[in-house]
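The values are calculated or read from the model by the stated rules, or taken from the named source; none is laboratory data. Given the structure is predicted, the values throughout are model-derived calculations rather than measurements. Every residue, glycine as well, gets a Cβ built from its backbone with ideal geometry; the counts of neighbours run over all protein chains shown.
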There are 2 protein chains.
Amino acid sequence: MESRCENCIVRQFNSLRAMSKEELKKVSDAKVFKKVKKGEPLFEEGQKLDGVFCVRDGVSKLSKLSTNGKDQVVKLATKGAVIGQRSVIAGEHTNLSAVAVNDMEICFVPKENILNTLQKNPEYAVEVLRHMAHDLKEADDVIVNMSQKTVKQRIAEAFLYLQQNFGVDKEGFLALTLSREDISSVVGTATESCIRIISEFKKKGYLETSGKRIKIADEKGLQELVQGF
Amino acid sequence: MESRCENCIVRQFNSLRAMSKEELKKVSDAKVFKKVKKGEPLFEEGQKLDGVFCVRDGVSKLSKLSTNGKDQVVKLATKGAVIGQRSVIAGEHTNLSAVAVNDMEICFVPKENILNTLQKNPEYAVEVLRHMAHDLKEADDVIVNMSQKTVKQRIAEAFLYLQQNFGVDKEGFLALTLSREDISSVVGTATESCIRIISEFKKKGYLETSGKRIKIADEKGLQELVQGF
DNA sequence: GCTAAAACCTGACAAAAATCATATTCCTTC
DNA sequence: GAAGGAATATGATTTTTGTCAGGTTTTAGC
C-alpha cells in the first residue's frame, strides 16, 4: 500500500492537489491512516473537528438529524472527497454527522496543516474555494429538487445518481448498495413509500432487484420520469 | 451619498472588509453604482457574470427554475450581501437568477478585482471561504427543512426568518413584505396552500394581516409549531 | 376617485404521501 | 440447516398537499 500523500492518486480529485511539495510532505508526515467499518461513525453532528478526513476508499453518508427525529442524508462522500473541510475552515462545530456506508479507508489530516496552507498558499485557497463553490451549487440543486419534485421523481433521480457516481458491478447491479432506509433518507421520504415506489418501478420495468441489490433496467424511462412525463 | 468603498459601512458585513486599502481603492475606482427597481432582474439563470453585486440597499431574491416550471427561491440577499460570488469564483454560468424584491441600490464590481485579490491576498481568500462555508451550512439546513418539515412548519419558519433578518416597522408589521406567491416559492409550495395556511394562522392568532402586510402576533406559538407541537 | 389588473381568498375535489398494521423474505449466527 | 432478527413488502386508512374554478379585495395608474 502506498502511504505517502505525494504519491496518492486520490489526491488528484480534491483540493490537496494544489498544495506544494513541501506542504504535502508535512501533511503526509502528520496524517493518520484509519480503517472504518461499515456502519461506524467518522464523527457525530455537533462535534468539534480537529482536522479533515480524506477518503481513500469506501463511501460515507453525511446526514443531519431533523427535529422530527428522522435523519436526512445531505451528501454521499466517496473516494477523493475531503470531509469536514467546511467546519474546520469556519471554525465551527460540524453541522452533519458522517457514517460509513461500507468499509472505508481514510486519512485524517490535522487542521493546522489545512489552515496554515490556506494562509500561505493562495493557489490552494482558491482551489478549496472552487470546490466549495461547486458544493454550494449542488446544494442549491438539491433544494430545488426537494421542494419541486415528487417523491417518485426524487427516487428515480437517486438511482440515476448512484449509477452515474458509483457505477455498476459485472452483473450490472449498482455498485453502491444502500438499504431502502438509507435511500429514504437520501430522498427525504418514509421508508414504506420508498419501498412501494421501488416495487412500482420493478413492475413498470424501470428496475430489477435481487435481494437488496438493484439494477437499472430502463435508464431512459427513469430519466423521462425525472423530467416529468 | 458616500460613494467610496473605503468608507462604505455595508462592506463591514461582507468579505470585502478583508481587502487592503489599496485593493479597496481599485475596487472603488472600478465599481459601478446602480439602482434597480422592484421586480427588475439583476441577472438571469444561466448568464455569465462579469463581476459581483454588492448590495447597498434593498433585497433580492435568488431563485432557480425547476423542470415543473415553478420558481424556487434559494436565498434572500440583503444589505451587505455579495451576489454572484459563487459563479465568478467557479468561473461558471450562474445557477440562479436574481430579481429585486424592492427598490435596490447595488454596486457592480468587475470580476478582475475579485479574482486578482483572491490570488494575492490570502486574508481575503480565507474570508471569502468563511462566508461560503457559512452559506453551505445554511443550504444544508434548508435541505433538511424542505424534506423533513411540513408546509405548515416551513411557512411558520419563513415568517420567523423574515422577522429575525429584516425586522419590523413602527406598527410591528414585517419590514420586508413579500407577496403570497413569493412566500410560496421560498417555502416550496402552491400559492393556494400558502394563502390557506396564512388564513389558518390568522384564525389561530399566530398572525395578523393588513392587506399584504403581515405581523407576527404569537412568536412563541409559531416557534412551537416549527418544533412540531 | 375610477377602473382595470393583479393579488388575494375560499370551496370542492383529486392526488400524493405518511402512518399503522401485518406479512414475508433475507441474512446472520449459532 | 435452523432460529431469530432485521430488512423488505403490501394493504388499508388518514393526512397532507396540489389543482381547478370561481369569487373578493387591493393596488397601481390614469
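Do we find that residue B:126 is touching a Ser or Thr at 6+ places or on another chain (Cβ under 7 Å), assigned to a helix (DSSP H, G or I) and more than 14 Å from DNA strand D (Cβ to nearest atom) in this structure? Against the criterion (touching a Ser or Thr at 6+ places or on another chain (Cβ under 7 Å), assigned to a helix (DSSP H, G or I) and more than 14 Å from DNA strand D (Cβ to nearest atom)), residue B:126 does not qualify. Candidates B:120, B:170, B:137: the one that is surrounded by fewer than 14 Cβ atoms within 10 Å (Cβ to Cβ), at the interface with another protein chain (Cβ under 9 Å from one of its Cβ atoms), away from DNA strand C (no atom under 12 Å from the Cβ) and within 26 Å of residue B:80 (Cα to Cα) is B:120.
For residue A:38, indicate whether it is part of a strand (DSSP E or B) and modelled with pLDDT under 95. Against the criterion (part of a strand (DSSP E or B) and modelled with pLDDT under 95), residue A:38 does not qualify. Considering only segment B:58-76, I want to know if a residue exists there that is in contact with a Leu (Cβ under 8 Å, 6 or more places away or on another chain), touching a residue at least 12 places away in the same chain (Cβ under 8 Å) and among the acidic types (Asp, Glu). Yes, segment B:58-76 has at least one match. Looking at B:173, B:159, just one residue is farther than 21 Å from residue B:13 by Cβ and modelled with pLDDT under 95, and that residue is B:173.
When the test is whether a residue is outside the structural domain of residue B:138 (by the TED database), in contact with a helix residue (DSSP H, G or I) (Cβ under 9 Å, 6 or more places away or on another chain), more than 21 Å from residue B:73 (Cβ to Cβ) and assigned to a loop (DSSP other than H, G, I, E, B), residue B:172 does not pass it. Within segment B:135-176, the residues that satisfy the criterion of being within 13 Å of DNA strand D (Cβ to nearest atom) and either in contact (Cβ under 8 Å) with a residue 60 or more places away in the chain or out of contact with any strand residue (DSSP E or B) (no Cβ under 8 Å at 6 or more places or on another chain) (or both) are B:145, B:146, B:149, B:150, B:151, B:152, B:153, B:154, B:155, B:156, B:157. Of all residues in segment A:81-114, those being surrounded by 18 or more Cβ atoms within 10 Å (Cβ to Cβ) and in a loop (DSSP other than H, G, I, E, B) number 6. The set of residues in segment A:93-108 being out of contact with any Lys or Arg (no Cβ under 6 Å at 6 or more places or on another chain) and at pLDDT below 95 consists of A:104 alone. Residues in segment A:180-210 that are outside any helix (DSSP H, G or I) and in contact with a helix residue (DSSP H, G or I) (Cβ under 9 Å, 6 or more places away or on another chain): A:188, A:189, A:190, A:204, A:205, A:206, A:207, A:208, A:209.
Every residue, every condition in (1) under 29 Å from residue B:155 (Cα atoms); (2) surrounded by 15 or more Cβ atoms within 10 Å (Cβ to Cβ), yes or no:
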{"site": "A:151", "(1), (2)": "yes, yes"}
{"site": "A:154", "(1), (2)": "yes, yes"}
{"site": "A:159", "(1), (2)": "no, yes"}
{"site": "A:162", "(1), (2)": "no, yes"}
{"site": "A:188", "(1), (2)": "yes, yes"}
{"site": "A:201", "(1), (2)": "no, yes"}
{"site": "A:205", "(1), (2)": "no, no"}
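Among the residues of segment B:179-203, write down those that are within 14 Å of another protein chain (Cβ to nearest Cβ), near DNA strand C (Cβ under 9 Å from one of its atoms) and hydrophobic (A, V, I, L, M, F, W, C). Selection gives B:183, B:194. So, in segment A:204-229, how many residues would count as being within 14 Å of chain B (Cβ to nearest Cβ) and within 13 Å of DNA strand D (Cβ to nearest atom)? Of the residues in that region, 1 qualify.
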